[in-house]
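Data first, discussion second: the structure below is written as structure tokens.
The values are calculated or read from the model by the stated rules, or taken from the named source; none is laboratory data. Worth saying up front: this structure is predicted, and the values here are computed from it rather than measured. Because the Cβ atoms are built from the backbone with ideal geometry, glycine has one as well, and the counts that use them run over all protein chains shown.
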Amino acid sequence: MDKQISVAKFEGRHRMQPLNLPAFEFKVKREADKLWIYDQIRKKFIFLTPEEWVRQHFLNFLINHRNYPKSLIKVEGGLVYNQLKKRSDILVFNRTGKPWMIIECKAFNIGVDEDTLRQVSVYNHTHRSKYIVVTNGLKHYCAHVDWTMNKTQSLTDLPDFEADEN
């Protein structure tokens, strides 16, 4: 696909919703009559779905706008919860290698709210990360998990990585 195509033109032509995240110069290609988007973490092209559109925009936001280290981010990592195999969309580790933030990405046409955030917190019982995030690219919810007090508190913004990496 032509690299010079504008984001707005791409979004309109391929039914991808403009998101409430910064635009970026993504790489897409057409292969076997399907669209693929480049994932800078997995270093390969991934089949472009509405959920993947959100995930790639959120990754760009974390890395290029919030300065989260790319080397400490894992995409679609496996986990086991109640003997069921699940996967986390995005997992951010702290500098000691422990899960620090788990992020669940939904397609832009799927609603997210605090109930969705609570559902994702169930997955977090395996990782025990300090933060959980849910996004559909339009709305974003973040919460801090206090494991010692067994409490979850909604936040108005994502934490800065360097200021709070423990």
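Structural remarks
- Residues that are in contact with a strand residue (DSSP E or B) (Cβ under 9 Å, 6 or more places away or on another chain) and either among the aromatic types (Phe, Trp, Tyr) or surrounded by 13 or more Cβ atoms within 10 Å (Cβ to Cβ) (or both) within the range 30-46 comprise LEU35, TRP36, ILE37, TYR38, ASP39, ILE41, PHE45, ILE46, listed in sequence order.
- Within the range 50-72, residues that are touching a residue at least 24 places away in the same chain (Cβ under 8 Å) sit with their Cβ atoms under 7 Å from residues that are part of a helix (DSSP H, G or I) and among the aliphatic types (A, V, I, L, M), at 6+ positions apart or across chains, in these pairs: TYR68/LEU62; LYS70/ILE63.
- Exclusive hit being crowded, with 18+ Cβ neighbours inside 10 Å, on the phi < 0 side of the Ramachandran plot and either in contact with a Gly (Cβ under 9 Å, 6 or more places away or on another chain) or in the same structural domain as ASP39 (by TED's automatic domain parsing) (or both), set ASN124, ASN136: ASN136
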